[in-house]
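Every number in this text was worked out from the coordinates using simple rules, so none of it is lab data. None of these values were measured; they are calculated from a predicted model. So basically every Cβ, Gly included, is an ideal-geometry build from the backbone, and we count neighbours across all protein chains shown.
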Amino acid sequence: MHAKESVVLLHGLARSSHSMVKLETALEKEGYDVVNIGYPSRQFEVEKLSEIVSEKIVSETADAEKIHFVTHSMGGIIVRYIQQHFPLDNIGRVVMLSPPNRGSEVVDKLAAYWIFKLINGPAGLQLGTSSEDLISELGPADFELGVITGDRSINCILSLMIPGKNDGKVSIERAQLNGMNDFKVVHATHPFIMKKKKVIDDVISFLNSGKFERE
């Protein structure tokens, strides 16, 4: 059904492609050609990571007429950077799960500590909310975009750093992006949102129709 449509999966910061395997399996059953890309998220800044990912996309989706994306956390920032600096002409629909589209206050408060730098690497330091952070330089979505974020946290300490409802890393407000076509809040945490069956169903719904399922 979707033989000439590829779906690129991009994991988040300090994660691996293994975190997206459940999504990969579900999308393959839908008939999509799925490319689950791993990248060294803790080793380089977003700019270099975007180059690495872009090269992999080009080489692994050469025959695709349309390239969709499903991203977790920082993976969404990489798609935005790619589209701003070396855009894909055949980009299709994009679903971002818990993206820090407007940064995270966690980075604002913890970036100065060596343990944060050790765990998250140089890219993690770029995900703050100030006008000097990389995210502020990225524009609104110029592609068809759906955003799903969570309102449940398993890290009460980090949640205390974030104003309003959040998933332990990103607030509901800061997950949103100008230009998005649909937005949904689910009862899920930041680390595990991509594994929830309801979220996977919503991802498939958006890729197929451009909108999320509604109760």
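Between region 145-177 and region 100-142, how far is it from one alpha carbon centroid to the other, in angstrom?
Result: 14 Å between the Cα centres.
Please give the peptides 196-205, 74-83, 119-128, 155-164 ranked by average Cβ packing (other Cβ atoms within 10 Å per residue), highest first, as a rough proxy for protection. Numbers along the way, then the final one.
Details: 196-205: 17.8, 74-83: 25.0, 119-128: 20.4, 155-164: 14.2.
Highest-to-lowest ranking by the protection proxy: 74-83, 119-128, 196-205, 155-164.
Taking a cut-off of 23 Å between Cα atoms, list the lysines near Lys66, but don't count ones fewer than 8 places away on the same chain.
Result set, ordered by chain and number: Lys4, Lys22, Lys29, Lys56, Lys211.
Taking the C-alpha atoms of the chain, how large are the radius of gyration and the largest Cα-Cα span, Dmax, in Å?
Rg then Dmax for the chain, in Å: 15.9, 49.
Using only the alpha-carbon atoms, how far is helix 114-124 inclined from the longest principal axis of the chain? Give it as 0 to 90 degrees, nearest 10.
The two axes meet at around 40 degrees.
Treat every Asp and Glu Cβ in region 33-146 as -1 and every Lys and Arg Cβ as +1, leave all other atoms uncharged, and give the resulting dipole magnitude about the Cα centre to the nearest 20 debye. Walk me through the intermediate numbers first.
Numbers: 9 positive and 16 negative charges, 88 e Å.
Around 420 debye, computed over region 33-146.
Compare the Cα positions of Thr61, Val203, Tyr81 along the charge dipole of the chain (+1 at Cβ of Lys, Arg; -1 at Cβ of Asp, Glu; about the Cα centre) and return the one farthest towards the positive end.
The residue sitting most towards the positive pole is Val203.
Quick one: compute the contact order of region 103-215, relative version, from alpha carbon pairs under 8 angstrom and 6+ residues apart, as a percent.
On the way: 180 pairs, mean separation 27.3, N = 113.
Relative contact order here is 24 percent.
Rounding to the nearest 20 debye, state how big the charge dipole of region 5-207 is about its Cα centre with +1 on each Lys and Arg Cβ and -1 on each Asp and Glu Cβ.
Details: 21 positive and 26 negative charges, 197 e Å.
In debye, rounded to 20, region 5-207 gives about 940.
Placing unit charges on C-beta atoms (Lys and Arg positive, Asp and Glu negative, everything else neutral), compute the dipole magnitude of region 87-200 about its Cα centre in debye, rounded to 20. Let's see the in-between values first.
On the way: 13 positive and 12 negative charges, 143 e Å.
Its charge dipole is roughly 680 debye.
Report the one residue of Ala26, Ser153, Gln43 whose Cα lies farthest in the direction of the positive end of the charge dipole of the chain (charges on C-beta: Lys and Arg +1, Asp and Glu -1; origin at the Cα centre).
Projecting each Cα onto the dipole axis, the largest value belongs to Ser153.
What relative contact order, as a whole-number percentage, does region 25-121 give when Cα pairs under 8 Å and 6 or more residues apart are counted? Could you put the intermediate results ahead of the total?
Numbers: 79 pairs, mean separation 27.4, N = 97.
Relative contact order here is 28 percent.
What is region 5-207's relative contact order, in percent, from Cα pairs under 8 angstrom and six or more apart in sequence?
On the way: 427 pairs, mean separation 42.9, N = 203.
Computed value for region 5-207: 21 percent relative contact order.
Using the alpha-carbon atoms, what tilt in degrees (0 to 90, nearest 10) does helix 197-209 show relative to the longest principal axis of the chain?
For helix 197-209, the angle is close to 50 degrees.
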